[in-house]
Amino acid sequence: MASDREYLFRVLFRLEVHQSHGDAFQMLFSTVMKYSDPRFRAIQPWGNWGDGGNDGWIEEDGHYFQVYGPKPTTKYEDACTTALGKAIDDFAKIPAKWTNVRRYTFVMNDRFQGIPAPIDNDLQKLAKDHSLERAAPMSTHELLVIFMKLDEGVRQDIIGHVPDALLEFIDPRAVGSLLSALANHASTKLAFLHATAPNFDEKIKFNGLEPPVSFRLQRASYQVALVDEFLSEHDPGLRQAIAQDIKQIYEETKTTIPDSVEGAANERYTRMIELLISGAPDHPHSKLAYITAAEAIMAKYFETCDAYENPTSAPAP
């Protein structure tokens with residue numbers, strides 16, 4: 001069984017993929033490839049010459065890469081339709097300006113949904129028509145496999161999600177006041193000794209949450225009493241604003257991580273925790289306190305259905 005740390009690396013890389021498009025996705029791809037194979041060279045477009053359809057290459061192998069990163073808001077079906085044309089049309093630019101073209105890879109940010117079979121088929125025909133050794137697509141799952149083979153220090157360098165240390169943490173969001181209050185008192189109150197966890201089983205199953213996230217959510221549910229205590233001491237306006245913050249964060253993750261993505265529910269949870277603690281102090285103990293606080297908040301608003309879907313609101317079959 002993979003360790004929680006390895007699981008975290010996979011999830012964080014997948015989040016990078018979900019949020020990357022255009023030049024950002026090309027840069028992510030190039031960075032992974034350069035660490036994986038030092039022979040890989042990224043190409044910088046130059047004036048009217050451009051890049052000649054070459055988004056990166058391994059000269060010794062005559063291997064050329066073309067990268068396509070549609071926007072996160074682009075429907076999967078529309079992205080695939082565009083990719084069907086680009087995979088072949090973009091190749092035509094390469095032999096016009098580059099030499100020794102023996103292999104061609106079309107890299108698509110499919111956001112782990114899979115690359116359509118017609119693209120594979122078209123690239124097989126392309127290889128035959130141009131006497132290539134190989135022409136094939138590369139999915140984001142394949143890129144993830146390459147990433148996970150890298151040393152841990154390199155993976156940390158690529159993800160780069162940890163914010164710089166801050167002497168003071170000031171969060172202007174309504175939910176920030178709750179987050180800071182819980183984090184600052186994390187070591188003085190042990191609500192889990194007395195609280196009773198709500199029954200999350202039905203909602204966890206309905207939303208497709210799986211271990212280890214489902215376990216973490218259930219464990220954090222014992223801290224919901226601390227959230228309730230904070231809310232009871234403040235006016236309804238703040239309580240409403242906090243709930244709205246949570247709803248907006250959840251809706252953002254639904255946009256960047258669609259239901260069609262494998263493990264979408266788990267990835268949304270991880271992304272919401274990241275958004276909640278964004279800018280938190282970088283000291284290990286402080287960071288742990290903020291993560292613990294964020295998970296307690298997630299448990300609270302999972303219970304109230306401000307985050308994730310309510311099974312009782314689902315349409316009758």
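The values are calculated or read from the model by the stated rules, or taken from the named source; none is laboratory data. Everything quoted here is computed from the prediction, not taken from an experiment. All Cβ positions, even for glycine, are placed from backbone atoms using ideal geometry, and neighbour counts span all protein chains on display.
Does Phe29 satisfy being modelled with pLDDT of 90 or more, assigned by TED's automatic domain parsing to the domain that holds Leu123, closer than 15 Å to Ala136 by Cα and hydrophobic (A, V, I, L, M, F, W, C)? In short, no.
Residues in the range 63-88 that are in a strand (DSSP E or B) and among the hydrophobic types (A, V, I, L, M, F, W, C): Phe65, Val67.
Yes or no, residue by residue, for (1) within 21 Å of Glu229 (Cβ to Cβ); (2) assigned to a helix (DSSP H, G or I); (3) within 18 Å of the chain's Cα centre (by Cα); (4) modelled with pLDDT under 85:
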residue: Lys254; (1), (2), (3), (4): no, yes, yes, no
residue: Asn266; (1), (2), (3), (4): no, yes, yes, no
residue: Ile273; (1), (2), (3), (4): no, yes, yes, no
residue: Ala280; (1), (2), (3), (4): no, no, no, yes
residue: Lys287; (1), (2), (3), (4): no, yes, no, yes
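The conditions of being at pLDDT 75 or above and either out of contact with any Gly (no Cβ under 9 Å at 6 or more places or on another chain) or farther than 30 Å from Ala243 by Cα (or both) are met by Leu150. Among the residues of this structure, Asn310 does not count as one that is of a type outside the set (Lys, Arg) and at pLDDT 90 or above. One residue is enough: does the range 46-55 have a residue meeting the conditions buried (at least 16 other Cβ atoms within 10 Å of the Cβ) and closer than 30 Å to Glu252 by Cβ? Yes, the range 46-55 contains at least one residue that is buried (at least 16 other Cβ atoms within 10 Å of the Cβ) and closer than 30 Å to Glu252 by Cβ. Restricting the search to helices (runs of 4 or more DSSP H) fully inside the range 89-165 and requiring at least 2 residues that are closer than 17 Å to Phe40 by Cα and touching a residue at least 24 places away in the same chain (Cβ under 8 Å) gives 140-148, 152-159. Could you go through the range 53-62 and let me know if any residue there is over 26 Å from Asp259 (Cα atoms), aromatic (Phe, Trp, Tyr) and assigned to a helix (DSSP H, G or I). Looking through the range 53-62, none of the residues is over 26 Å from Asp259 (Cα atoms), aromatic (Phe, Trp, Tyr) and assigned to a helix (DSSP H, G or I).
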